[in-house]
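J.: One structure follows; several queries about it will come next.
The values are calculated or read from the model by the stated rules, or taken from the named source; none is laboratory data. For clarity, every value in this text was computed on a predicted model and none was experimentally measured. Cβ: placed from backbone, ideal geometry, glycine included. Neighbour counts: every protein chain shown.
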Amino acid sequence: MSLTSSPTLSRAVGAPTALKRILREAAWANPTRLRNYLILIALAHGLGLVALVYLARGGVDPRGEPLGSDFVSFWTAGRLALAHQGASIYAPSADLAAERAFFGHPIGWYAFFYPPMFLLACLPLGLLSYMSALAAWLLTTFAVFAAALRGLSKRFVNPLTLAAFPGVFSTIGHGQNAFLTTGLFAGGVSLLESRPPLAGALFGLLCFKPQLALLAPLALLLAGRWRALTAFAATAAALAAVSALAFGLPTWAAFLAETPMARATLERGLVDPAKMQSVFAAVKVLGGGNGLAYAVQIAAALAALTALVVALRREPNARRQFALVATLTCLTTPFLLDYDLTLLIAPIAILAGEGLETGFRPYEKTVLVAAFLLPGVARPLAQYAHLPLSPLVVAALAAVLWRRMVCPRGAGAP
């Protein structure tokens, strides 16, 4: 019997081909099957949240952490700002003492690395009790998030999709601001063609989380969207000025003095690198040192910027442009936590919406499914299996977006 006729060898040779076909065509990702998966994930999220609240005692979960853990820092910041003690938010010992005093439990420290302009959003939260403030925060920012995403793709964005998206579960569990950041970004994308000044203002509001606003002004500049860029700059400047007037220049000075601690968070692992989802953190999870991590992060950022410049020269469509901006932002910043991956729902919605209307290209459905699930699996895979997949999945999402922008159908693209 010849080698080529061996059944075992034939199966071995055919396996990679079969896998390639499965990933390329993704016939398994049909509407009925995907809907069933979404229902199961949404139910799991709902049960998880109910169990977390039911098992909590005095606002503290079974792990000893407050419900909506990171929100403690927002709420405490609001209370300190109301008491005209804004600068103490950026002093770790004073901030920790305030968090424990306000919350009433010996909790750990939840750092506040945001510029004083974010205190403008935190200020009203300090008027409420902790649980009331947490509920108001999540409901309000989720409404912004959902409304803005509907503007990107009504066909893809619906209650089931949002309930099943792991980024929603992660943001609620941490009490974080990812609904707000994603909502501002998605709103800006939706309005960029019709109302550029308002879109630029929404992008400008993102400056309260500067690592997620890095590429927006550059993209506006490269795309020649001058009205939006002017509004971005004016909004950012106005936020800085208003926060300086409201909380005083010493608060800004205290914030700037605290910035080395944010860098130490990366370099010394003050936050477990497995919780981070950046290229820098991936190198750390795999055992690399700070020097190598910075080198790879810089290389990734330069590659992302090059890809952005090339794509913006070829693609005039605002939605595609800023779908790529959102995706490449997650490759450019070294400071990226798992809930920040919620931002990926904006490019996912744009690409999925196009695919549902005009058809999907090879590998697109597989990449979309992987990116959709990423916020739910990124941390445990990095933490327990030492598999930092986020940069790879984000890069794949950027690649399929870039291909649509640079290689339109009919121009030799698959």
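J.: Do we have ALA231 as farther than 20 Å from LEU331 by Cα, in contact with a Pro (Cβ under 8 Å, 6 or more places away or on another chain) and part of a helix (DSSP H, G or I) here?
T.: Values: farther than 20 Å from LEU331 by Cα: yes; in contact with a Pro (Cβ under 8 Å, 6 or more places away or on another chain): yes; part of a helix (DSSP H, G or I): yes.
Yes.
J.: Is it the case that LEU392 is free of Cβ contacts under 8 Å to residues at least 24 places away in the same chain and either in contact with a Ser or Thr (Cβ under 7 Å, 6 or more places away or on another chain) or assigned to a helix (DSSP H, G or I) (or both)? Walk me through it before giving the result.
T.: Values: free of Cβ contacts under 8 Å to residues at least 24 places away in the same chain: yes; either in contact with a Ser or Thr (Cβ under 7 Å, 6 or more places away or on another chain) or assigned to a helix (DSSP H, G or I) (or both): yes.
Judged against the criteria, LEU392 is a match.
J.: Let me ask something additional. Considering each residue of region 313-363, count those that are over 20 Å from the mean Cα position of the chain (by Cα), part of a loop (DSSP other than H, G, I, E, B) and not aromatic (Phe, Trp, Tyr), and give that number.
T.: Qualifying residue count for the region: 6.
J.: Please determine, by comparing only the residues of region 17-26 that are of a type in the set (A, V, I, L, M) and outside any loop (DSSP other than H, G, I, E, B), which one is modelled with the highest pLDDT. Break it down stepwise before answering.
T.: Our first condition is that a residue be of a type in the set (A, V, I, L, M); within region 17-26, this holds for 18-19, 22-23, 26.
Still in the running and outside any loop (DSSP other than H, G, I, E, B): 18-19, 22-23.
Working: ALA18: 75, LEU19: 77, ILE22: 80, LEU23: 83.
Checked region 17-26; the qualifying residue modelled with the highest pLDDT is LEU23.
J.: Still on this structure, please answer the following. Picking from ALA326, ALA398, ALA346, ALA370, which residue would you name as being closer than 22 Å to GLU25 by Cβ, at pLDDT 95 or above, crowded, with 24+ Cβ neighbours inside 10 Å and not acidic (Asp, Glu)?
T.: Numbers: ALA326 fails: closer than 22 Å to GLU25 by Cβ; ALA346 fails: closer than 22 Å to GLU25 by Cβ; ALA370 fails: crowded, with 24+ Cβ neighbours inside 10 Å.
Testing whether each residue is closer than 22 Å to GLU25 by Cβ, at pLDDT 95 or above, crowded, with 24+ Cβ neighbours inside 10 Å and not acidic (Asp, Glu) leaves just ALA398.
J.: Can you confirm whether ALA382 is touching a residue at least 24 places away in the same chain (Cβ under 8 Å), surrounded by 19 or more Cβ atoms within 10 Å (Cβ to Cβ) and under 12 Å from the mean Cα position of the chain (by Cα)?
T.: no
J.: Name every residue in region 67-102 that is farther than 30 Å from LEU55 by Cα, touching a Leu at 6+ places or on another chain (Cβ under 7 Å) and buried (at least 23 other Cβ atoms within 10 Å of the Cβ), in order of residue number.
T.: The answer is ALA81, GLY86, ILE89.
J.: Residues to consider are ALA257, ALA240; find the one that is over 30 Å from ALA385 (Cα atoms), at pLDDT below 95 and out of contact with any Pro (no Cβ under 6 Å at 6 or more places or on another chain). Talk me through it step by step, then tell me what you get.
T.: Details: ALA240 fails: at pLDDT below 95.
Of ALA257, ALA240, the one residue that is over 30 Å from ALA385 (Cα atoms), at pLDDT below 95 and out of contact with any Pro (no Cβ under 6 Å at 6 or more places or on another chain) is ALA257.
J.: Restricting the search to region 263-316, which residues are charged (D, E, K, R) and more than 16 Å from PHE335 (Cα to Cα)? Steps first, please.
T.: Within region 263-316, the subset charged (D, E, K, R) is 263, 267-268, 272, 275, 284, 313-315.
ARG313, ARG314, GLU315, listed by residue number.
J.: Filter region 45-64 for residues that are surrounded by 14 or more Cβ atoms within 10 Å (Cβ to Cβ) and closer than 11 Å to PHE103 by Cβ and give the result.
T.: Of everything in region 45-64, those that are surrounded by 14 or more Cβ atoms within 10 Å (Cβ to Cβ) and closer than 11 Å to PHE103 by Cβ turn out to be GLY59, VAL60.
J.: Moving on to the next point. In region 47-89, which residue that is part of a helix (DSSP H, G or I) and hydroxyl-bearing (Ser, Thr, Tyr) is farthest from VAL168 (Cα to Cα)?
T.: Within region 47-89, the subset part of a helix (DSSP H, G or I) is 47-55, 71-82, 86-89.
Checking which are hydroxyl-bearing (Ser, Thr, Tyr) leaves us with 54, 73, 76, 88.
Numbers: TYR54: 19, SER73: 20, THR76: 23, SER88: 31 Å.
Only one residue fits best here, namely SER88.
J.: Is it the case that region 168-179 has a residue that's crowded, with 22+ Cβ neighbours inside 10 Å, closer than 26 Å to GLY248 by Cα and hydroxyl-bearing (Ser, Thr, Tyr)?
T.: Checking region 168-179: not a single residue is crowded, with 22+ Cβ neighbours inside 10 Å, closer than 26 Å to GLY248 by Cα and hydroxyl-bearing (Ser, Thr, Tyr).
J.: Please determine, by comparing only the residues of region 251-268 that are exposed (fewer than 14 other Cβ atoms within 10 Å of the Cβ) and touching a helix residue (DSSP H, G or I) at 6+ places or on another chain (Cβ under 8 Å), which one is farthest from LEU381 (Cα to Cα).
T.: Per the criteria, the residue is ALA253.
J.: If you check ALA42, ALA29, which single one turns out to be surrounded by 13 or more Cβ atoms within 10 Å (Cβ to Cβ) and not in a helix (DSSP H, G or I)? Even if it seems obvious, please write down each step before you answer.
T.: Numbers: ALA42 fails: not in a helix (DSSP H, G or I).
Just one listed residue meets the conditions, ALA29.
J.: Further question on the same structure: Does at least one position in region 238-251 carry a residue that is under 30 Å from ASN317 (Cα atoms) and either under 25 Å from the mean Cα position of the chain (by Cα) or outside any loop (DSSP other than H, G, I, E, B) (or both)? Step through it out loud before you land on a result.
T.: First pass over region 238-251, keeping only residues under 30 Å from ASN317 (Cα atoms): 238-239.
Of the ones still in play, those that are also either under 25 Å from the mean Cα position of the chain (by Cα) or outside any loop (DSSP other than H, G, I, E, B) (or both) are 238-239.
The answer is yes, given that some residue of region 238-251 is under 30 Å from ASN317 (Cα atoms) and either under 25 Å from the mean Cα position of the chain (by Cα) or outside any loop (DSSP other than H, G, I, E, B) (or both).
J.: Then there's this: Among the residues of region 159-169, are any out of contact with any strand residue (DSSP E or B) (no Cβ under 8 Å at 6 or more places or on another chain), of a type in the set (S, T, N, Q) and assigned to a loop (DSSP other than H, G, I, E, B)? It would help to see each step written out before you state the result.
T.: Keep residues of region 159-169 that are out of contact with any strand residue (DSSP E or B) (no Cβ under 8 Å at 6 or more places or on another chain), which gives 159-169.
Remaining after also requiring of a type in the set (S, T, N, Q): 161.
Then keep just the ones that are assigned to a loop (DSSP other than H, G, I, E, B); that gives none.
For region 159-169, residues out of contact with any strand residue (DSSP E or B) (no Cβ under 8 Å at 6 or more places or on another chain), of a type in the set (S, T, N, Q) and assigned to a loop (DSSP other than H, G, I, E, B): absent.
J.: On to the next question. Looking at region 260-282, which of its residues are part of a helix (DSSP H, G or I) and either more than 26 Å from PHE112 (Cα to Cα) or touching a residue at least 60 places away in the same chain (Cβ under 8 Å) (or both)? It would help to see each step written out before you state the result.
T.: We begin by selecting, within region 260-282, every residue part of a helix (DSSP H, G or I); these are 260-267, 279-282.
Matches in region 260-282: MET261, ALA262, THR265, LEU266, VAL279, ALA281, ALA282.
J.: Within region 181-200, can one find any residue that is part of a loop (DSSP other than H, G, I, E, B), of a type in the set (A, V, I, L, M, F, W, C), under 24 Å from VAL271 (Cβ atoms) and touching a residue at least 12 places away in the same chain (Cβ under 8 Å)? Step through it out loud before you land on a result.
T.: Of region 181-200, the ones part of a loop (DSSP other than H, G, I, E, B) are 192-195.
Within this subset, residues satisfying the condition of being of a type in the set (A, V, I, L, M, F, W, C) are 192.
Still in the running and under 24 Å from VAL271 (Cβ atoms): none.
No: region 181-200 contains no residue that is part of a loop (DSSP other than H, G, I, E, B), of a type in the set (A, V, I, L, M, F, W, C), under 24 Å from VAL271 (Cβ atoms) and touching a residue at least 12 places away in the same chain (Cβ under 8 Å).
J.: With the structure loaded, tell me whether ALA233 is without any contact (Cβ under 8 Å) to a residue 60 or more places away in the chain and hydrophobic (A, V, I, L, M, F, W, C) or whether it fails that test.
T.: Numbers: without any contact (Cβ under 8 Å) to a residue 60 or more places away in the chain: yes; hydrophobic (A, V, I, L, M, F, W, C): yes.
Judged against the criteria, ALA233 is a match.
J.: Based on this model, can you work out whether ALA307 counts as over 23 Å from ARG379 (Cα atoms) and crowded, with 20+ Cβ neighbours inside 10 Å?
T.: Details: over 23 Å from ARG379 (Cα atoms): yes; crowded, with 20+ Cβ neighbours inside 10 Å: yes.
When the stated conditions are applied, ALA307 passes them.
J.: Only residues that are of a type in the set (A, V, I, L, M, F, W, C), surrounded by fewer than 16 Cβ atoms within 10 Å (Cβ to Cβ) and over 22 Å from ALA257 (Cα atoms): list them for region 103-130, please.
T.: Passing the criteria: only LEU127.
J.: How about region 90-107: which of its residues are part of a loop (DSSP other than H, G, I, E, B) and hydrophobic (A, V, I, L, M, F, W, C)? Break it down stepwise before answering.
T.: Filtering region 90-107 down to residues part of a loop (DSSP other than H, G, I, E, B) leaves 91, 104-107.
Those that are part of a loop (DSSP other than H, G, I, E, B) and hydrophobic (A, V, I, L, M, F, W, C): ALA91, ILE107.
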